[in-house]
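What follows is a set of notes on a single structure, which appears directly below.
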Amino acid sequence: MIDLQNISLQFGGNYLFRDISYKINAGDKISLVGANGTGKSSLLKIIYGTLQPENGVVAKQKRISLGYLPQENILHKGKTLVEEAASALTDIKFLHEKEDELTSLLSNSSLSDEEQNDLVNQLGEVHHKLEELDSYTANARTEKILAGLGFEESDFSRMTDELSGGWQMRIALAKILISQNDVLLMDEPTNHLDLDSLEWLISFLKGYKGALLLVSHDKHFVNEVTNKTLEIFLGKITSFNGKYDAYLKFAEERNGMLEQQYLLQQKKIKETENFIERFRYKATKAKQVQSRIKQLEKVELIELPESKDDITIRFPEPPQSGRINIELKHLSKSYGEKNIFNNLDFTIERGEKIAFVGPNGAGKTTLAKIIADKISFDKGERILGHNTSIAYYAQDVADVLDPDLDILETIEGISEGKTIGQLRSLLGCFLFSGDDVFKKIGVLSGGEKSRVALTKILLTKANLIVLDEPTNHLDISSKEVLQQALTAFNGSLVLVSHDVDFLCPIVNKVIEIKRNSFKIFLDGIDYYLAKREESLNFEEQEIRTKVDSSILTRKDQKRIEAELRQKKFQSTKHLLKEIADLEKEISLLEDDEKKYEADLIDEKIYSNPLLIKQTQAAYNLTKETLQKKLTRWEKLNHNLLEIERRFESPLPT
């Protein structure tokens, strides 16, 4: 579908990548990875066509459609939400306009039979294309995608001008999903999603039939959605057929081997240089010296990846607080007529590390800001515990940084006992290296300002830290540094985040905030996700109880059937995917088994002791692997059958 041929790109005389080639095929699900600054976002732009490479060609299949989601700076204005989303249906809109035009022409009574037949044929072709694009369900599909990404039905008629940056990004994401592109290019698509929207997007992309190339620092998302990894490494690209977790093991082994080869090469270079220096002025050794000099000139030096030495960052020891950090009593908060909390009681005790999860707009950020004393509330009490000191981070906090200070000056003022070298190391963890630390705050992007504000949090002596989506602008290494620091932090935490992998080792309590619902889960994120799954199953049973205990109208029956189909899909989608994948693997293994059986009776092979030994070993391994896959396939089908039986009882009519 897309063929990258000898692509090169440089900035300021330094090549990001040089003469790289790669083919993206139909159905590929690829994660594009690499250290910060290696050119991942630039490569997406080159493929889409908004950035031209220094040399090379991007060859695209004819009539291929690409959807591109940039990382930031998207603004939609002048239309309602549903109008803006529907504007992505360009093919369908064009065909409907063509349909109206042809219908109008056919109403002309002066047409000849030949002209009329031609117009009728054209109209038939338009109708055929509209059917292929499933145009008659396009509006429903549009609304379904908007709902999946967290928009309420009441939002559909709102002007897009009213929506914040995070929701603007969701509109852009919705549009490229609605437009049914052949290839999706996505740069950090999960940054502004809540946990429910993230899980919906994962489900959507798993069923997406086109090709996918994405950049994301969300390990959970990448592992769920992709099955290939493309790495930009030392100016080249390396392809790995496997999920991101498997790629990490491969990269670790590869880097270890590179380091060994590098050390061996350096040792040989040193020995050669010593020989040259020792015998440089001896006439009897002149020939050997010249030979060694030429050898050195021809050596292709092994490059090592950027050092990934473990960097441990610890928060300053927080002041000792009382048992209770903060207590909210009978709290109520509304925005206009929209009630967020009503008569809420909530307490944070010393040492608790709490995750706020739930859909956007339900009140997670509002509650975080009330705890941090950043906004007021309508009724109730906010009682600060003994000696509680609070540090608060959110992306809008970055806007209050002094624009006239440089980055180093900004954090220097709050860094008691830290040397300049230690501060530069800390800034390096958050992607500010070299002369970057002398950039003025006023010239930084929104994401860069957010990283500076986050660095300040790491230097703050507070015993209650409130963080609202702290990982949005961090790469994986930076997230790991922050994760380790928060895990080791001796105070209390409130984290608003959708990043499951980030939350897992940190939190010991989860608060699910939904409209008119506030649930406390006294354990980590894994426990919460398990309970969430149980809740979905319980809701399914409730639907069945409702069906059994009432006489349904046809409208109710259709609605409940749709609910059950959705529950069945959610319960079986992972099993069906794994079964389908297994069946492909089994088919390939059976082909291999037949091939080896034929080889074993081939005279050319069985008359050669070495070949027959190798073939027999390969045959035995194939049979063993095939048997394991068949056993797993049988177990999965049994589980699938059990789940499907739960949905077999008929609805009353």
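With θ taken as phi - 60° and the Karplus curve 6.51 cos²θ - 1.76 cosθ + 1.60 applied, the whole-hertz 3J(HN,Hα) list for the stretch 422-439 is 5, 5, 5, 5, 5, 5, x, 4, 10, 6, 10, 10, x, 6, 4, 5, 9, 5 Hz, x standing for glycine and proline. Taking a Cβ cut-off of under 13 Å around residue 406, the surrounding Lys, Arg, Asp and Glu residues balance to a net charge of -3, with basic ones at +1 and acidic ones at -1.
Separation of the stretch 430-505 and the stretch 248-281, taken as the distance between their Cα centroids, equals 37 angstrom. Shown in residue order for the stretch 287-302 are the 3J(HN,Hα) couplings computed by the Karplus curve 6.51 cos²θ - 1.76 cosθ + 1.60 at θ = phi - 60°: 5, 5, 4, 4, 5, 5, 4, 5, 4, 4, 5, 8, 5, 8, 5, 7 Hz (x for Gly and Pro). Simple point charges give the picture: +1 on the Cβ of Lys and Arg, -1 on the Cβ of Asp and Glu, and for the stretch 191-240 a dipole about the Cα centre of about 360 debye. Of all DSSP bridge pairs formed entirely within the chain, close to 55 percent run antiparallel. Once you reduce the stretch 350-381 and the stretch 584-634 to the center of their Cα atoms, the two points are 60 Å from each other.
A cut-off of 5 Å between modelled amide H atoms, ignoring neighbours fewer than 5 places along the same chain, links residue 358 with 195, 196, 513. As a calculated quantity, the FRET efficiency between residue 585 and residue 131 at R0 = 45 Å, using C-beta atoms, amounts to about 0.80. Placing +1 on each Lys and Arg Cβ and -1 on each Asp and Glu Cβ, with no other charges, gives the stretch 249-298 a dipole about its Cα centre of roughly 420 debye. Shown is the FRET efficiency for residue 320 and residue 422, computed with R0 = 30 Å from the Cβ-Cβ distance and rounded to the nearest 0.05: 0.75. The 3J(HN,Hα) values that the Karplus relation (6.51, -1.76, 1.60; θ = phi - 60°) gives for the stretch 78-91 are, in residue order, x, 9, 6, 4, 5, 5, 5, 5, 5, 5, 6, 7, 5, 5 Hz. Gly and Pro appear as x.
Taking K and R as +1 and D and E as -1, what net charge do the other residues with C-beta under 10 Å from the C-beta of residue 491 add up to? Intermediate results must be reported in sequence, preceding the final value.
Numbers: positive: 350, 353, 461; negative: 317, 352.
Result for the neighbourhood of residue 491: +1.
Comparing 151, 127, 92 along the charge dipole axis of the stretch 79-181, the residue lying farthest to the positive side is 151, per the Cβ-charge model.
Here the dipole of the chain is about 2100 debye; that uses its Cα centre as origin and unit charges on the Cβ of Lys and Arg (positive) and Asp and Glu (negative).
Checking [x] 95, 70, 45; [y] 105, 81, 61; [z] 87, 77, 56 against the coordinates, the calculated Cα extents along the principal axes in Å falls under label [y]. Projecting the Cα atoms of 172, 324, 220 onto the dipole axis of the chain, where Lys and Arg carry +1 and Asp and Glu carry -1 at the beta carbon, places 324 farthest toward the positive end. Spin-label pair residue 644-residue 8: with each label point 7 Å from Cα along the Cα-Cβ axis, the two points sit 5.7 nm from one another. Database remark: amide H of residue 489 closer than 5 angstrom to no amide H (H placed geometrically; neighbours at sequence offset of 5 or more, or on other chains; Pro and chain starts carry no H). Once backbone amide H atoms are built at 1.01 Å from N, residue 475 has no partners under 5 Å, excluding neighbours fewer than 5 places away on the same chain.
Remark: spin-label model distance residue 396-residue 488 equals 3.4 nm, labels positioned 7 Å along the Cα→Cβ axis. Taking the number of Cβ atoms within 10 Å of each Cβ as an exposure proxy, the fewest-first ranking of 515, 254, 63 is 63, 515, 254.
In terms of other Cβ atoms within 10 Å, 137, 229 run from fewest to most in the order 137, 229.
May I ask you to compute the full-extension gain from residue 109 to residue 277, defined as 0.36 nm times their residue separation minus their alpha-carbon distance, rounded to one decimal in nm? Kindly include the intermediate steps, with their values, before the conclusion.
Values: separation 168, 0.36 × 168 = 60.48 nm, distance 9.97 nm.
So the extension gain works out to 50.5 nm.
Test of understanding: ordering 169, 159, 257 by Cβ neighbours within 10 Å, fewest first, what list do you get?
On the way: 169 23, 159 14, 257 10.
Exposure proxy ranking, most exposed first: 257, 159, 169.
Between 490, 340, 59, the Cα set farthest toward the positive side of the dipole of the chain (charges on each charged residue's Cβ, about the Cα centre) is that of 490.
Rule-based calculations on the coordinates, nothing more; no lab input. Since we're looking at a predicted model, the values are computed, not measured. Every residue, glycine as well, gets a Cβ built from its backbone with ideal geometry; the counts of neighbours run over all protein chains shown.
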